[in-house]
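Have a look at the structure below before the remarks.
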Amino acid sequence: MQKRRLVYTHHAEDRMRQRGITKDEVEYCLDQPEICYKDPKGNPIYRGLVPGGKKIKVVTAADTSDQIVIITVADLPPEEES
């Protein structure tokens with residue numbers, strides 16, 4: 001299976017810079033998500049733990065055939081221990 005090309009929006013790149021998230025971390029989350037679901041608009045959302053222990057969320061555009069468009073990226077707060 002051929003890997004699709006990743007395209008980052010300006011918004012996603014800005015958020016990655018602000019939050020200290022690398023493209024390697026985004027790719028890792030897309031390849032090995034802990035959970036994947038869709039938002040109300042049908043955009044896939046990937047959440048995962050990346051090497052180094054950071055939890056991130058990656059939102060991609062729905063219905064892109066030859067590429068994956070990264071809309072935004074966020075870091076997630078650590079889960080509280082019960």
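Here is the figure for the range 1-30: residues that are surrounded by fewer than 16 Cβ atoms within 10 Å (Cβ to Cβ) and within 10 Å of the chain's Cα centre (by Cα) total 1.
Do we have Tyr37 as surrounded by 14 or more Cβ atoms within 10 Å (Cβ to Cβ), under 13 Å from the mean Cα position of the chain (by Cα) and within 23 Å of Asp63 (Cβ to Cβ) here? No; evaluated as a whole, the condition is false for this residue. For beta carbons closer than 7 Å, sequence separation of 6+ or different chains, a first residue in the range 2-30 that is more than 17 Å from Pro44 (Cα to Cα) and a second that is modelled with pLDDT under 95 and surrounded by fewer than 16 Cβ atoms within 10 Å (Cβ to Cβ), there are no qualifying pairs.
The values are calculated or read from the model by the stated rules, or taken from the named source; none is laboratory data. In this text the structure is predicted, and so the values were computed from the model without any measurement. A quick note on method: Cβ atoms are made from the backbone with ideal geometry, for glycine too, and the neighbour counts reach across all protein chains shown.
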